[in-house]
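The values are calculated or read from the model by the stated rules, or taken from the named source; none is laboratory data. Remember, predicted model here, so these are calculated numbers, not experimental data. Virtual Cβ from ideal backbone geometry, glycine too; neighbours counted across all protein chains shown.
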Ligand SMILES: [Zn+2]
């Protein structure tokens, strides 16, 4: 009886190994093949036979069509970084409930998504910000905003990626604006003191220096 049980056990293990999806070669990974990287936060992949333009949610990288030379350089760096992450790879997606009403499309018809690299589940949107190749995009709410703002803060402190270039002329000493926290609500351009009547439970706290760097304006009522 004991040997029968051992034999059954071995058969189950062997069957498990044979049918295990991890035993498949890399090109058989599930996901959508990436066809082309467009810029630092946009790429095209093939979904059900259709070339689909994906705009990564919650991240903003420098524009490549800006007249300013410096910005242009950053745009190429950001685009090259996304190429390094995605070329020849497959990806799978997660969507954000805030875009349900538009079928997860933006006004340019791009699909709004969180992308994960198939072979290692690397969270691409987060990786861009962590490595300093893009900002957390705060104009619209999304589920990972708090996390992305933290990744951006860490990237700036560590001066990785583009932050190394941007902040190299500044002293490393934190200023008062780095420690004062202000509050803003996505889809608005103003920041406030915590006590301001415009601060709601949807507001997010960030250092004042960051709000200024993102081009937000101080509220005229609470003057933070
Ligand atoms: Zn205010």
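Of the listed requirements (1) closer than 21 Å to residue 39 by Cβ; (2) more than 11 Å from the chain's Cα centre (by Cα); (3) outside any helix (DSSP H, G or I), residue 113 misses just one: (2). The single condition from (1) over 18 Å from the mean Cα position of the chain (by Cα); (2) more than 16 Å from the ligand (Cβ to nearest atom) that residue 222 fails is (2). For the range 176-197, enumerate the residues that are assigned to a strand (DSSP E or B) and either within 13 Å of the ligand (Cβ to nearest atom) or buried (at least 19 other Cβ atoms within 10 Å of the Cβ) (or both). Scanning the range 176-197 gives 182, 183, 184, 190, 191, 192. Within the range 198-218, is there a residue that is farther than 23 Å from residue 144 by Cβ, within 11 Å of the ligand (Cβ to nearest atom), buried (at least 17 other Cβ atoms within 10 Å of the Cβ) and at pLDDT 90 or above? Scanning the range 198-218 turns up no residue that is farther than 23 Å from residue 144 by Cβ, within 11 Å of the ligand (Cβ to nearest atom), buried (at least 17 other Cβ atoms within 10 Å of the Cβ) and at pLDDT 90 or above. One residue is enough: does the range 165-178 have a residue meeting the conditions under 30 Å from residue 51 (Cα atoms) and either modelled with pLDDT of 90 or more or in contact with a helix residue (DSSP H, G or I) (Cβ under 9 Å, 6 or more places away or on another chain) (or both)? No, the range 165-178 contains no residue that is under 30 Å from residue 51 (Cα atoms) and either modelled with pLDDT of 90 or more or in contact with a helix residue (DSSP H, G or I) (Cβ under 9 Å, 6 or more places away or on another chain) (or both). Residue 160 fulfils the conditions (1) in a loop (DSSP other than H, G, I, E, B); (2) modelled with pLDDT of 90 or more; (3) within 14 Å of the ligand (Cβ to nearest atom) except for a single criterion, (3). Scanning the range 77-106 for residues that are part of a helix (DSSP H, G or I) and under 26 Å from residue 29 (Cα atoms) turns up 79, 80, 81, 82, 83, 84, 85, 86. Going by the structure shown, is residue 62 surrounded by fewer than 17 Cβ atoms within 10 Å (Cβ to Cβ) and assigned to a loop (DSSP other than H, G, I, E, B)? It is false that residue 62 is surrounded by fewer than 17 Cβ atoms within 10 Å (Cβ to Cβ) and assigned to a loop (DSSP other than H, G, I, E, B).
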